[in-house]
Amino acid sequence: MDEFKEVWQGQEVEEMKISIEELRMKAAKFQRSVRFRNLREQVACGVVVIWFGWMCFTIPVTVPRISFGLIVAGALYVAWHLYAFGSAQVSPSDMGDMSCIEFHRRELEKQRDLLRGVWKWYLGPLAPGLALLAIWGIVVARPELRWYPEAFAAVSALLFMGVSWLNRRAARRLDGEIMRLGR
């Protein structure tokens, strides 16, 4: 085992083949894409809060109102979490070479970790309201739609799995970027 360790530690480390100016441009592009993603998600959360908030106050049936309230609370949590933990930091223009690399690596790692935890902060908070709405609210309010919860659950599961897959794929891409920066 020590021989493998020696070979591994003794191998030549490939130097970074990107100039600092190129890295700064990539970092700025990454920061713009994160800001655009956050804006898009914040707008979507705003639409969810307005739509389901309105329905929460206009629907006279209690259980769907609770469902809508849970969905609103979940969307507000998603918006807050994205703002608190997913905002892109602007890189200072006076950074040296290594601090620029470290800054960009930390930003990539932060976004990668955010994407990996999508079930905790994005999908999970929305699930209770959607589940309550589908399973209890609809079945009780509309007994003729007994098939609806199963169909709703299947579509929701596919949607959640798709969002999870997209986030895992994006996290893997960020891992590749992090590896290219080296240590």
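Every read-out reported here was derived from the displayed coordinates using simple, explicitly stated rules and does not represent laboratory data. Note that the structure is predicted; figures quoted are calculated from it, not measured. With ideal geometry, Cβ positions are generated from the backbone for all residues, glycine too; neighbour counts draw on all protein chains shown.
Note on segment 15-69: Cα Rg divided by 2.2 N^0.38 Å, N the number of residues, gives 2.07. In segment 105-172, taking the dipole from charged Cβ atoms about the Cα centre, the farthest positive-side position among Leu132, Phe152, Ala170 is held by Ala170.
Taking the fewest neighbouring Cβ atoms within 10 Å as the starting point, the ordered list for Val140, Val34 is Val140, Val34.
Fewest neighbouring Cβ atoms within 10 Å first, the residues Asp113, Asp2 line up as Asp2, Asp113.
Global size of segment 44-130: 18.1, 61 Å for Rg and Dmax (C-alpha atoms, Rg to one decimal, Dmax whole).
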